[in-house]
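A.B. asks: Below you'll find the structure I mean.
The values are calculated or read from the model by the stated rules, or taken from the named source; none is laboratory data. On a predicted model such as this, the values are computed, not experimentally measured, just so you know. Glycine gets a Cβ as well: all are built from the backbone with ideal geometry, and neighbour counts include every protein chain shown. Surface areas here come from the heavy atoms of the whole protein model, side chains and all, with no ligands, DNA or RNA. Shrake-Rupley method; radii C 1.70, N 1.55, O 1.52, S 1.80 Å.
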Amino acid sequence: MTSIQNNIQLINSQIAATEQNCGRVQGEVQLLAVSKTKPVEAILEACEAGHRMFGENYVQEGVAKVALFREQHPELDIEWHFIGPIQSNKTRPVAEHFDWVHTINRDKIAQRLNEQRPADMPPLQVLIQVNTSGEASKSGVDDEQVFELAQLISELPNLTLRGVMSIPENVSDYQSQLVAFKALAKLKNALAERYPQVDTLSMGMSGDMQAAIEAGSTIVRIGTAIFGARDYSNKA
Ligand SMILES: *Cc1c(COP(=O)(O)O)cnc(C)c1O
């Protein structure tokens, strides 16, 4: 077994153990392997361990990987999630390649993705990015804007609103992590009361996965703990 395969097995067992300790339904939390900056070979290794859900952050890099796998490895049937910031002039390739988008943060992005989603593809599964900590530097809408944006998305035929996503402030203290994640879980539950197809809470990364699961995460986005540290030297 390669180290990537070992890491996936380890994280899957950590997820299962945390679900059990927190009284969560077994198998409710999905692992999104964040493969940004990593080569195609690393993704193939993860696929050989049975993994099929991958997240990418950069449009150009992500689209190239999706196209390559659809062409050369269609049998793998990978589910691709876009989890990076989206500029409005880059929505088309995202709409044409990805299955999910976690980072919808304004009307214009939702409208463009809806218009540009090809008719022969299923609706794009989308999450609204929420800025729980209210930091100006972080992208995402505040609690009130979530409901306005959700209403708009619910009227767009080529998008399916599935929930919310957040990247809370990076803190190492477990209780502080839990407070931020619980606020997000409450928001997702309020949204689910209005929109029955809402079932997804994308939160938790390598450094705060446990607290995210305790608070109700349904997708944890894990990069470093699977693929190792990233090298950004070739990114602008
Ligand atoms: C890079 C990234 C991750 C993965 O982070 P790790 O700390 O490497 O697990 C998760 N979510 C988003 C939005 C990211 O950009």
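A.B. asks: Count the net charge of all other residues whose Cβ sits under 12 Å from the Cβ of Ile226, scoring Lys and Arg as +1 and Asp and Glu as -1.
C.D. replies: +3
A.B. asks: Add +1 for every Lys or Arg and -1 for every Asp or Glu among the other residues with Cβ under 13 Å from the Cβ of His81, and state the total.
C.D. replies: Cβ neighbours under 13 Å give a net charge of +2.
A.B. asks: Would you be so kind as to identify which of Gln129, Ala215, Ala16 lies farthest towards the positive end of the dipole of the chain, taking Lys and Arg as +1 and Asp and Glu as -1 on Cβ and the Cα centre as origin?
C.D. replies: Gln129
A.B. asks: When ranked by the protection proxy of mean other Cβ atoms within 10 Å per residue, highest first, what sequence do the peptides 155-161, 104-110 form?
C.D. replies: Descending packing order for the listed peptides: 104-110, 155-161.
A.B. asks: Could you point to the residue in Ser166, Val179, Ala190 farthest towards the positive end of region 157-199's charge dipole, with +1 and -1 charges on the Cβ of Lys/Arg and Asp/Glu respectively?
C.D. replies: Of the listed residues, the answer is Ala190.
A.B. asks: Only Cα pairs under 8 Å and at least 6 apart count here; give the relative contact order of region 1-85 as a rounded whole percent.
C.D. replies: After rounding, I find 27 percent.
A.B. asks: Using each residue's phi in region 11-27, evaluate 6.51 cos²θ - 1.76 cosθ + 1.60 at θ = phi - 60° and report the 3J(HN,Hα) Karplus result to the nearest Hz, with x for Gly and Pro.
C.D. replies: Once rounded to whole Hz, the list reads 5, 4, 6, 5, 4, 4, 5, 5, 4, 5, 4, 9, x, 7, 5, 4, x.
A.B. asks: Using the Karplus curve 6.51 cos²θ - 1.76 cosθ + 1.60 with θ = phi - 60°, work out ³J(HN,Hα) for each residue of region 61-69 in order, rounded to whole Hz, and write x for Gly and Pro.
C.D. replies: Taking θ as phi minus 60°, the curve returns 5, x, 4, 4, 5, 4, 4, 4, 5 Hz for region 61-69.
A.B. asks: Give me the net charge for the shell around Cys47: Cβ to Cβ below 11 angstrom, other residues only, Lys and Arg +1, Asp and Glu -1.
C.D. replies: Taking every other residue near Cys47 into account, the sum is -4.
A.B. asks: Taking only DSSP H segments of four or more residues, each worth -39500 (n - 2.57), what value at 222 nm results for the chain once the sum is divided by all its residues, to the nearest 500 deg cm²/dmol?
C.D. replies: Estimated from H runs of four or more residues: -13500 deg cm²/dmol.
A.B. asks: For region 200-206, just list the computed ³J(HN,Hα) in residue order, Karplus coefficients 6.51, -1.76 and 1.60, θ = phi - 60°, integers in Hz, with x standing in for Gly and Pro.
C.D. replies: Karplus-based 3J(HN,Hα) across region 200-206 equals 10, 10, 9, 7, x, 10, 4 Hz.
A.B. asks: A further question on this structure: Using a 1.4 angstrom probe with every protein chain in place, what is the largest-first accessible-area order of Asp208, Asp142?
C.D. replies: Asp142, Asp208
A.B. asks: Dipole of the chain (Lys/Arg Cβ +1, Asp/Glu Cβ -1, origin at the Cα centre): which of Ser202, Asn7, Gln151 lies farthest to the positive side?
C.D. replies: Farthest towards the positive end: Gln151.
A.B. asks: Continuing with the same structure: For a quick check: with amide H placed at 1.01 Å from N, whose amide H comes under 5 Å from Thr160's, ignoring anything fewer than 5 positions away on the same chain?
C.D. replies: For Thr160, the qualifying residues are Leu124, Gln125, Val126.
A.B. asks: Probe radius 1.4 Å, ligands and nucleic acids left out: which of Ile167, Ile83 has the largest accessible area, and how do the rest follow?
C.D. replies: From most exposed to least exposed: Ile167, Ile83.
A.B. asks: With only Lys, Arg, Asp and Glu charged, each at its Cβ (+1 for the first two, -1 for the last two), find how big the charge dipole of region 39-147 is about the Cα centre; round to the nearest 20 debye.
C.D. replies: 420 debye
A.B. asks: Could you order Lys186, Lys36, Lys90 so the one with the most accessible surface comes first? Probe is 1.4 Å.
C.D. replies: If we order Lys186, Lys36, Lys90 from most to least accessible, we get Lys186, Lys90, Lys36.
A.B. asks: Given Cβ point charges of +1 (Lys, Arg) and -1 (Asp, Glu) and nothing else, what value in debye, to the nearest 20, does the dipole of region 3-227 about its Cα centre take?
C.D. replies: Using only the charged Cβ atoms, the result is roughly 260 debye.
A.B. asks: Related question: For Lys36, enumerate residues with amide H under 5 Å from its amide H, sequence gap 5+ or separate chain, H modeled in the peptide plane.
C.D. replies: Excluding prolines and chain starts, which carry no amide H, the hits are Asn57.
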